[in-house]
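Data first, discussion second: the structure below is written as structure tokens.
The values are calculated or read from the model by the stated rules, or taken from the named source; none is laboratory data. These numbers were taken from a predicted model, which means no experiment stands behind them. Cβ: placed from backbone, ideal geometry, glycine included. Neighbour counts: every protein chain shown. To get the accessible areas, we keep the full protein, side chains included, count just its heavy atoms, and leave off ligands, DNA and RNA. Shrake-Rupley method; radii C 1.70, N 1.55, O 1.52, S 1.80 Å.
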Amino acid sequence: AINTTQLATTAYVTTAVAAGSSIIKTYNYSGTLATSTGSLRFYSSGSYTLSSADIHMHTAAAGSSVNITINKNGSSAATLTFAAGATSSLSNSLSVSLVQGDYLTIDITQVGSTTAGADLYLLLKLT
């Protein structure tokens, strides 16, 4: 169903979820990257599988990769490695099962060694 009103009405959300639509969750880190432990939580509203992550950076890291850990309920569930010099990366090999009430957080564990990456944008796809 196409929602032409641009509003997430209850009827639209219920129809979209019932139809088995994917959920896209975005994460944005503005500015120069620094290692950090994620505190923002994305809670699952039902049974889903985190199936892919699409990563973009405005400024590429130099010297070493950028590493991101996706945590499920506080424990590491997947690690994404973003090669030094790259500004985009796609990981389609994720398979993290979620049920209602599970949550995801994002840790940045490495940012590059000679130049830190900057302006990270991460799209997580749940199917």
Checklist entry - ³J(HN,Hα) across the stretch 81-93 via Karplus (A = 6.51, B = -1.76, C = 1.60, θ = phi - 60°), whole Hz, x for Gly/Pro? => result 10, 10, 4, 4, x, 8, 10, 8, 7, 10, 10, 9, 9
Checklist entry - What's the extension gain from Ser75 to Ser45 if we count 0.36 nm per residue and subtract their Cα-Cα distance? => result 8.9 nm
Checklist entry - To the nearest 10 square angstrom, what accessible area does Ile24 show with a 1.4 Å probe? => result 100
Checklist entry - Do you know the relative contact order of the stretch 23-120, to the nearest whole percent, from alpha carbon pairs under 8 angstrom that are 6+ apart? => result 47
Item to check | Spin-label pair Thr87/Thr26, simplified geometry with 7 Å Cα→Cβ offset, distance in nm | outcome: 1.8
Checklist outcome for this item: Between Thr59 and Leu123, the two model label points (7 Å from Cα along the beta-carbon direction) sit apart by a distance in nm of 2.4
